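Below is one structure, written out as structure tokens; comments come after it.
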Amino acid sequence: MAKASDVKSGNILRFNGELVSVDEFLHRTPGNLRAFYQAKMRNLKTGKLVEYRFRTDEEVEIARVETNDYQYLYDDGDFFVIMDNDSYEQFNVPKALFGGSARFLKEGMNVIVAFESEEPIMAQAPTTVELEITYTEPAVKGDTSTNALKSATVETGVEIRVPLFINQGDRVKVDTRTGDYIERVK
């Protein structure tokens with residue numbers, strides 16, 4: 001157990017039986033009252049924001065979290081199978097931990113996963129990925145007067161919006177957080 005004064009932004013705490021990530025941790029000393037720590041914490045499972053005031057001498061449990069790079073191997077139902085690049089050990093990680101960026105994962109990509117005592121608690125896909133366009137309608141000549149976009153399907157099966165000059169077989173860079181086209185890759 002650690003004291004509240006040992007906590008920093010970015011720590012993972014076990015708070016009321018749940019794992020929370022500390023988003024903001026401020027020391028307050030209001031007038032002639034006792035000092036306290038004001039914390040904004042996000043529940044890792046639900047994503048709900050929790051605010052709490054810790055006394056300076058209050059005991060908190062800082063969770064031991066190991067974050068590492070892993071290689072995404074394949075999709076297995078509700079899980080993704082990942083492999084540790086050093087020990088070649090394989091783990092099943094729930095798809096829900098990746099959020100919306102899971103639809104852009106391609107076999108062989110590197111992902112970041114955080115484990116707390118053998119249980120995956122956080123997962124993060126790369127912010128940008130390079131994918132090949134598998135299907136798109138050809139552009140109509142003379143239809144480039146504005147910043148026009150058309151639908152295109154990438155190799156993972158996701159449909160995105162791309163500029164008219166993108167053709168089938170082109171490689172594009174996509175933002176995994178929003179699903180937006182960034183640029184064409186040579």
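The values are calculated or read from the model by the stated rules, or taken from the named source; none is laboratory data. Keep in mind the model is a prediction, meaning the values are calculated, not measured. With ideal geometry, Cβ positions are generated from the backbone for all residues, glycine too; neighbour counts draw on all protein chains shown.
Key figures for this structure:
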read-out: Filter result for the condition that a residue is within 28 Å of Asp175 (Cα to Cα), not assigned by TED's automatic domain parsing to the domain that holds Val174 and not charged (D, E, K, R), over Tyr74, Tyr37; value: Tyr74
read-out: Candidate set from region 27-58 (those that are of a type in the set (Val, Ile, Thr) and outside any strand (DSSP E or B)); member that is modelled with the lowest pLDDT; value: Thr46
read-out: Cβ-Cβ under 6 Å pairs, at least 6 apart or on other chains, region 5-16 side small (Gly, Ala, Ser), far side surrounded by 15 or more Cβ atoms within 10 Å (Cβ to Cβ); value: Ser9/Val22; Ser9/Phe25
read-out: Yes/no for Phe15 being in contact with a strand residue (DSSP E or B) (Cβ under 8 Å, 6 or more places away or on another chain) and closer than 29 Å to Met109 by Cβ; value: no
read-out: Residues satisfying the stated conditions in region 158-177, i.e. under 11 Å from Arg103 (Cα atoms) and either buried (at least 18 other Cβ atoms within 10 Å of the Cβ) or without any contact (Cβ under 8 Å) to a residue 24 or more places away in the chain (or both); value: Glu159, Thr176
read-out: Any hit, region 13-26, residues being in contact with a Ser or Thr (Cβ under 7 Å, 6 or more places away or on another chain), of a type in the set (Lys, Arg) and part of a strand (DSSP E or B); value: no
read-out: Strands (runs of 3 or more DSSP E) wholly inside region 71-186 that include at least 1 residues being more than 30 Å from Val20 (Cβ to Cβ); value: 128-136, 149-154, 159-163, 171-175, 181-185
read-out: Tabulated pairs, region 143-154, first farther than 15 Å from Asp180 by Cβ, second among the β-branched types (Val, Ile, Thr) and at pLDDT 90 or above, C-beta under 9 angstrom, 6+ apart or interchain; value: Thr153/Ile133; Thr153/Thr134; Thr153/Thr136; Thr153/Ile160
